[in-house]
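Report on one structure; see the data block that follows.
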Amino acid sequence: MAWVFRGLREGIVTTRYPKRADDYGPSFKGSVFVLGEKAQPGGEPIVAGQGGDDSKLAALCPTGAIKDRASKVTLDRGRCILCGRCVTERPDVFAFEPSPEVAAFNRDGLFVPEGTENEEEVDRLRTELASRVRSLRRSVHIRHVDAGSDGSEEWEVAALLNPIYDVQRLGIFFTASPRHADLLLVTGAGTEAMVGPLLTTYEAMPEPKIVLAAGTDATSGGLVHPSYALRGGISSILPVDVFVPGSPPSPFSLLHGILLAVGLLPGDSRR
Amino acid sequence: MSDRPVLSSVEAEDLAGLVAARVSSGERFGGLFASARSDGTTVLRALLARHGARELFEARLSPKTNSYPALTPLLPAASWYEREIHDLFGIEPVGHPRLDALVLALGPDETWRPRPGAGQAARDVHPEIDDSALLSHVAGQGLFTIPYGPVRSGIFESVEYLVETFGEDIPHVQCRVQYKHRGIEGRFGELGLDDGLLLAERVEGTAAVAHALAYCQALESLSTLEVPRSALLARVLHAELERVACHLDSIARHCEGAGQSVAYARMTVHKERVQRLRAQLCGHRFGRGVVVPGGVCGPPRVAPAEVLRAISDLERAIGDDVRSLMGTPSFLDRLRRTGVITPATAAAHGALGPVGRGSGLAADVRSERPYGAYGMLGFEPAEPSSAGDALARQQVRLDEITSAFHIARQALDELGEGYEDALWRVALPPVDGLGFGCVEAPQGELVYLVETRAGRLERVKQRSASFHNLALFPDAFGGDILTDFTFIEASFGLSLAGVSG
């Protein structure tokens, strides 16, 4: 009986996300942004060579996420492990953005400022995915597979089931069998030894199926790649529909990625 | 910080006899590590511990030698270490009774080996992985194997357990951990000292603070610089909160396995709150980026008084739930006499952390070799239990949660005065040599051997307690049945990422 009263005393601990924004989601560093673009949306990009020693910008990053493409500084969130070195060394160019909503439909969508993609390409991917997952909008069953994570990703995925995130309230369930699964959530950089089991799981899933790469390691290989034992991201093994960067991605980032995949975000035109 | 182990050079032929003699005289075997050199030689190092003292036996194998007399026949605890060395270096321990692949199952025609330390770039090599040669069948009247994994039911790290059974009893289990092998130790050899820290935090992500701490201690052991007192206290605070989170995870898994849904929900809420407190303190839910060589990145971001209040709230809430849980017979019945590791088995293997302390071994790096601020905080180790079952391991974790809060509170009190203006970090000049770092991670003793040259990492060997303890896993199945599996696994509380490397 003690359990019941203790639970009642605490009231409702569950987040209202995504119906309402949650205060916790943006309370710590979620991703890195390149300043300039942020200060003036659509405005002047930071151009290499202006003020400071920008030739060293790319060398700041341990995973090569910072690029000096076409004399414009870009940052690939899909490679970023959020170590914060660039923010500490060059606060005039880089800053942390607190929002946990970092998922994207393709790798180009993870570049900041804007990627090389065009709007039409994103719309095409969005429409294609939407037509595939039309039947999953009320409920989606997830099968998780670890393909070489560092262990922290599993904690964040499992956290989605605690009463604070409580994803069952949104019709999201984790399933033991790939036969029941609609969405394959993969963590880790893709070890050679897991390629076989991962493909077997994917093939055992019924159509329609979605693949979500959870974490920077699953997106690009992160810091552990390159290595003789790794593929450097899940997209070299399976067709990935949604990328959720983060090292590890926080539960809110994962939830956002899942909702994005099945078109359940509020205001989603597919509803 | 010149807290380094004694180094003794021996001949490879004598290594097995010497180490076995030391272990039979009461010393604890801490591991066997190899390190390749660019000239083709390989160095074998055996770690021995007696109370606080550490000793490394070092044997050199010339480029032409690719074998040495195995330790395993005299010292079964060395078995997994020798299998790992065989996988990664191609060096054969002669006389090893069962030299299956452990972390890297290569095809029969594959001659390439990663040989971490040799300075070879392992990024473009893609050896043929083939685990078909691994032993997968057993012989015996009515005996068969159930392969469980690597994709298991639930949100787990990948591992395959080959359960050898008659149908209900489990006489033996084989652990196949190669699925998560990422070649971490080869990757370390390509990095500088700063990037090495980031990789150390990703070896075993759930114990990132402990790994960063052991890595930094290894670098600091090469220098004569003193880490500032306030930084040592902050390290203790972050490390103890990590311990609480890991132990709550293990306890929540027990509750889940026993079908205690309410207790499971409550424990996961507590764990989430600990993770949120950690993120408030340092900006990362797993404490990454906090510990840096020479100190910490900065002061805790929340005032000590506020942290103390948060800790008190957590402690009270967890305490209430633990009292209810430990008074629930249907829960205790699943743990009592499940997965027994006898004190004799634990001692022979040198079991680490809560697994050792649940089987009568008091070894705890924080008390037997106080590092950082533990010496000044008057840390009292938890009383070991000799029952050796899952319940004993769970009780050890519960006691450690209490003591972790106590230590964290002490560290905050000590930090209290002048905490704003304190010095948090000293610059650590790169020094060449062999550094040694050793901390008590939530899973048990964690060891880092770091060899540096000209500001780069030449070889980093990490020995997570998960690696050492998982080798003991099959011994926990004396008379247990299939439904006990969940509890035995949860009570070990290990991370596979730290095992496979």
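The values are calculated or read from the model by the stated rules, or taken from the named source; none is laboratory data. Computed from a prediction, not measured in an experiment: that's the story for all the values here. Glycine also receives a Cβ, built like all others from the backbone with ideal geometry; neighbour counts cover every protein chain displayed.
Restrict the check to the stretch A:258-269 and report whether at least one residue is crowded, with 22+ Cβ neighbours inside 10 Å, more than 20 Å from the chain's Cα centre (by Cα), at pLDDT below 95 and in a loop (DSSP other than H, G, I, E, B). No - not one qualifying residue is present in the stretch A:258-269. For B:Ala382, the requirement of being in contact with a Lys or Arg (Cβ under 7 Å, 6 or more places away or on another chain) and either buried (at least 16 other Cβ atoms within 10 Å of the Cβ) or farther than 24 Å from B:Gly327 by Cα (or both) is met.
Out of the residues in the stretch B:165-179 meeting the condition of being surrounded by 21 or more Cβ atoms within 10 Å (Cβ to Cβ) and in contact with a strand residue (DSSP E or B) (Cβ under 7 Å, 6 or more places away or on another chain), tell me which one is modelled with the lowest pLDDT. So, considering only residues that are surrounded by 21 or more Cβ atoms within 10 Å (Cβ to Cβ) and in contact with a strand residue (DSSP E or B) (Cβ under 7 Å, 6 or more places away or on another chain), the one modelled with the lowest pLDDT is B:Ile170. For the stretch A:89-103, the criterion of being free of Cβ contacts under 8 Å to residues at least 60 places away in the same chain and either closer than 30 Å to B:Ala207 by Cβ or part of a helix (DSSP H, G or I) (or both) is met by at least one residue. Please determine whether any residue of the stretch B:217-225 is within 11 Å of chain A (Cβ to nearest Cβ) and assigned to a helix (DSSP H, G or I). Scanning the stretch B:217-225 turns up no residue that is within 11 Å of chain A (Cβ to nearest Cβ) and assigned to a helix (DSSP H, G or I). Taken over the stretch B:481-500, the residue count meeting the criterion of being buried (at least 22 other Cβ atoms within 10 Å of the Cβ) and over 18 Å from the mean Cα position of the chain (by Cα) is 1. Just one of (1) within 20 Å of A:Gly263 (Cα to Cα); (2) aromatic (Phe, Trp, Tyr); (3) at the interface with chain B (Cβ under 9 Å from one of its Cβ atoms) fails for A:Phe173. It is (3).
Scanning the stretch A:237-244 for any residue that is in a helix (DSSP H, G or I) and within 14 Å of another protein chain (Cβ to nearest Cβ) turns up nothing.
Looking at B:Glu240, B:Glu256, B:Glu226, just one residue is out of contact with any Cys (no Cβ under 7 Å at 6 or more places or on another chain) and either surrounded by 22 or more Cβ atoms within 10 Å (Cβ to Cβ) or under 20 Å from B:Thr402 (Cα atoms) (or both), and that residue is B:Glu240. From the list B:Ala382, B:Ala392, which one is within 20 Å of the chain's Cα centre (by Cα), free of Cβ contacts under 8 Å to residues at least 40 places away in the same chain and part of a loop (DSSP other than H, G, I, E, B)? The unique qualifying residue is B:Ala382.
Return the residues of the stretch B:5-39 that are surrounded by 18 or more Cβ atoms within 10 Å (Cβ to Cβ), part of a strand (DSSP E or B) and among the small types (Gly, Ala, Ser); say none if nothing qualifies. Within the stretch B:5-39, B:Gly30, B:Gly31, B:Ala34, B:Ser35, B:Ala36 qualify.
Output the residue which, of all residues in the stretch A:82-100 that are crowded, with 20+ Cβ neighbours inside 10 Å and within 19 Å of the chain's Cα centre (by Cα), is nearest to the other protein chains (Cβ to nearest Cβ). So, considering only residues that are crowded, with 20+ Cβ neighbours inside 10 Å and within 19 Å of the chain's Cα centre (by Cα), the one nearest to the other protein chains (Cβ to nearest Cβ) is A:Cys83.
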